[in-house]
Amino acid sequence: MQLAAVFEEVTATDASPEQLAQAPAHPRVTYRVAPAEARGVATASMDLVTTAQALHWFDIPAFLAEARRALVPGGVLAAWCYGLQRLDDEGLDGVLERFYHETVGPYWPPERRLVETGYRTIRFPFEELAAPAFEMAHEWTLGELLAYLRTWSATARFVLTEGYDPVQPLAARLTLLWGGADLRRRVRWPLSVRVVRAPRPA
């Protein structure tokens, strides 16, 4: 919706009809079921192509070729992702880092490595542009943080393989450090952003 406040027309695509069915309606936004590698938009019709926390799931060469086709000369491709959350508390961050790397670490798919490197290992065949620093942040209770950890794909794979919820024993350790069930702590995710510009005619 933020893009609709800046651009007159926004085309939002997703390969999942179920995901798009949950998207809010907006007069400037057109939703289309399509893979990222073949969005079905006109050639040289987009000023901006952007993808959020998803590039690592794509066929990246095919996606970049599609972005180049869709972008106007000098148009911009922006891809961003976020990794492990931070609470800026040494004790809490230490426990959560061990959960991420050691407990569910073996259950992350190989593509997760691209997120952990902030997409810096992906070669974009366009001119790189400097991007300002961004971060997401929420004020969460411990219960809200635990619910978020259960959405991780690695957590779900752990449950399927091991037969129990690894967040449950983690909750006991975090409860000792959190400071009360109703206490809200700031949880933030620094964003890694790659911004590149499609070639202009010589």
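Nearest-5 percent of antiparallel DSSP beta bridges in the chain?
60
Could I get the Rg over Rh figure for region 145-202? Both from C-alpha atoms, Rh via Kirkwood, rounded to two places. Working shown, then result.
On the way: Rg = 19.1 Å, Rh = 14.9 Å.
On the Cα set of region 145-202, Rg over Rh gives 1.28.
Rounding to the nearest 10 and keeping the result within 0 to 90°, find how far the Cα-based axis of helix 60-70 lies from the longest principal axis of the chain.
40
Under a point-charge model restricted to the Cβ atoms of Lys and Arg (+1) and Asp and Glu (-1), what is the dipole moment magnitude of region 71-129 relative to its Cα centre, in debye to the nearest 20?
320
Which value in nm describes the separation of the simple spin-label points at residue 93 and residue 141, placed 7 Å from the Cα toward the beta carbon?
Reported label-point gap for residue 93 and residue 141 is 2.6 nm.
For a label point 7 angstrom out from the Cα of residue 184 toward its Cβ, which stretches of region 132-164 have the backbone nitrogen within less than 18 Å?
Only 136-148 pass the distance filter.
Taking the Cα centre as origin and putting +1 on Lys and Arg beta-carbons and -1 on Asp and Glu beta-carbons, what dipole magnitude results for region 130-194, to the nearest 20 debye?
Roughly 200 debye for region 130-194.
Once you charge only the Cβ atoms, +1 for Lys and Arg and -1 for Asp and Glu, what is the size of the charge dipole of region 50-173 about its Cα centre, to the nearest 20 debye?
It comes to approximately 480 debye.
Of the accessible area of the chain, with the probe set at 1.4 angstrom, what percent is carbon plus sulfur?
Carbon and sulfur atoms account for 54 percent of the accessible area of the chain.
Using label points projected 7 Å from each Cα along Cα→Cβ, tell me how many nm separate residue 25 and residue 111, to one decimal.
3.1
Give me the accessible area per residue for region 105-202, probe 1.4 Å, as a whole number in Å².
Accessible surface, normalised per residue, equals 60 Å².
Among 114, 70, 138, whose Cα projects farthest towards the positive end of the dipole of the chain, with charges put on the beta-carbon of Lys, Arg (+1) and Asp, Glu (-1)?
Among 114, 70, 138, the one farthest towards the positive end of the dipole of the chain is 70.
The values are calculated or read from the model by the stated rules, or taken from the named source; none is laboratory data. Computed from a prediction, not measured in an experiment: that's the story for all the values here. For neighbour counting, all protein chains shown are included, and Cβ atoms are generated from backbone atoms with ideal geometry for every residue, glycine included. Heavy atoms of the whole protein, side chains included, go into the accessibility calculation; ligands, DNA and RNA do not. Shrake-Rupley method; radii C 1.70, N 1.55, O 1.52, S 1.80 Å.
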